[in-house]
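Everything below concerns the one structure shown next.
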Amino acid sequence: MTTFSFEVLVTLKDGLSDPQGTAVESALPALGWSNVRHVRVGKHIRLDVNADDAGSARAQVEEMARRLLSNPVIEDAHVMEAASS
Amino acid sequence: MTGSVPRIGVVTFPGSLDDRDALRAVRLMGGEPIPLWHADRDLHHVDAVILPGGFSYGDYLRCGAIARFAAVMQEVVTFAARGGPVVGICNGFQVLCEAGLLPGALIRNRSLRFVCRNVWLRVETGQTCLTTGLTPGETIQIPIKHGEGQWVATPEQLDEVERDGRVVFRYASRAGIVEDDHNPNGSTNAIAGIRNASGNVVGLMPHPEHAVDPDVGPEGGQPLFASLLHTAMAGVGA
C-alpha cells in the first residue's frame, strides 16, 4: 500500500447564485477594490488515501467526491493530485 | 403497531434544535411523542417520524450532509420505503434532500441573511401525510427561521416536481397570491415544501412545530400535525 495525497475543490455549479461570493464581492470595494467581478466561494478538501496504485486512489477519491464531499445537484468537484504531506 | 394514540418519533441528532418543540407539538395535538436518538438502530414501533430543525453535526460540509449517515437514518429510509410517514422540517428537510428521499437541495438564502419571521404558505396538495386535512389553495401562517432555505434543483428535477404535483407549499400572501415579494429566501418557484412520489415523505422549511400553541404564535401548524396524526393512526407505515 502506498499513500497518495489529493486535493478536492468543490464549487457551486455555474448558473446557481452564490450568495457567499456576492457577499465577498460587495465587501471588497470597502478596501478599495471596486474592480472585482464574478467572485465564487468554494471548498477545499485535502486528504491522504492508502491504495495499491495511483489509479485506484484517484478512482476512490472521485467516488468520495461524488457521494459525500460534494452534492452533485448543486456542486461540481475537481479532484487533483497533491504533493505528499 | 398502531394503538389508540399514534406514536410519533422525533429524531435528535447532535446539534438538533427543535426536537423538544416537535415532541411538545405532538403531545399538544394528541399524539404520543417518542424521542429517537441518532444512534438508534430501530424506530421503537413509531407510526411516523419527524426529522426536526437545527444544525445537525454543526452543518459541517453541507447542511444535512453528515446526518444522512447516522445509524437511525438507515431505519428511516427503510420505514419511508415501506410507506411510513416521514416529515423533515428545516434541517430535517435538508437531511431528506441529502439522503435522496426528496429531490433538490437547499442553499444559502438569496438575501444572504438569516430570516426569522412568520410567513403565509399556500397549500398546493392535500395528498401528503402532512396535508390530508387541508384543501389546495388555502393559506396557513407558520414561522420560518433559516439561513439556508433556498430550494434549488436540476431542470429535470424541477420539471418532475411541478409536473407530478409534488409541490406541497409555496410562499404566498395571506390571500394566496404567489409573488416574489412573499418569497423570503429566493426558492425556485417559491417552493417551501415538497413531497415524494407517493406523498408519505414531506420536507418543508417552515416550522409547524412552532405554530400549534396559540399562546406563543400563529396556529398554522395545527392542521399539519392533525393530518400527520391522522395518517399515522391509519397505520400506513405499520
**OP:** Answer rounded, prolate or oblate for region B:1-91, using the Cα gyration tensor with square roots of eigenvalues a ≥ b ≥ c: rounded when a/c is under 1.5, else prolate when a/b is larger than b/c, else oblate.
**Re:** oblate
**OP:** Sort out for me the Cα centre separation of region B:26-60 from region B:105-175, rounded to whole Å.
**Re:** 22
Original post:
When DSSP assigns beta bridges and you keep just the ones with both residues in chain B, what percent turn out antiparallel, to the nearest 5?
Top reply: 60
**OP:** Compute the long axis of helix A:54-64 from its Cα atoms, compare it with the longest principal axis of the Cα atoms of chain A, and write down the angle in degrees, 0 to 90, nearest 10.
**Re:** 50
Original post:
Which residue, chosen from B:196, B:185, B:77, occupies the Cα position most advanced towards the positive end of the dipole of chain B, where the dipole is computed from +1 (Lys, Arg) and -1 (Asp, Glu) charges on Cβ about the Cα centre?
Top reply: B:185
Original post:
Tell me, what is the FRET efficiency for residue A:46 and residue B:118 to the nearest 0.05, using R0 = 51 angstrom and their Cβ-Cβ distance as r?
Top reply: 0.70
Subject >> chymotrypsin sites (Phe, Trp or Tyr not before Pro) restricted to DSSP loop in chain A with at most 13 other C-beta within 10 Å >> reply: A:33
Original post:
Taking θ as phi - 60°, what are the ³J(HN,Hα) couplings along region B:177-189 by the Karplus curve (6.51, -1.76, 1.60), each to the nearest whole Hz, with x for Gly and Pro?
Top reply: 7, 8, 9, 4, 4, 9, 8, x, 9, x, 3, 4, 6
**OP:** From the C-alpha gyration tensor of region B:35-151, pull out the three semi-axes of the equivalent ellipsoid (sqrt of 5λ each), sorted largest to smallest, in whole Å.
**Re:** 24, 21, 12
**OP:** With a ≥ b ≥ c taken as the square roots of the eigenvalues of the C-alpha gyration tensor of chain B, please select rounded if a/c is under 1.5 and otherwise prolate if a/b is larger than b/c or oblate if it is not?
**Re:** rounded
Subject >> Relative compactness, region B:123-238, computed as alpha-carbon Rg over 2.2 N^0.38 Å >> reply: 1.04
Subject >> Label-point gap, in nm, between residue B:28 and residue B:45 - each point 7 angstrom along Cα→Cβ >> reply: 2.9
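For chain B, give the magnitude of the charge dipole about the Cα centre (Cβ charges: +1 Lys/Arg, -1 Asp/Glu; no others), in debye to the nearest 20.
Value, rounded to 20: 180 debye.
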Original post:
Helix-derived [θ] at 222 nm for the protein assembly as shown: sum -39500 (n - 2.57) over DSSP H runs of at least 4, divide by residue count, nearest 500?
Top reply: -6500 deg cm²/dmol
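Just so you know, all these numbers are worked out from the coordinates, no wet-lab data involved. None of the values given here were measured: they were computed from a predicted structure. Cβ coordinates were reconstructed from backbone atoms using ideal geometry, including for glycine residues, and neighbour counts include every protein chain displayed.
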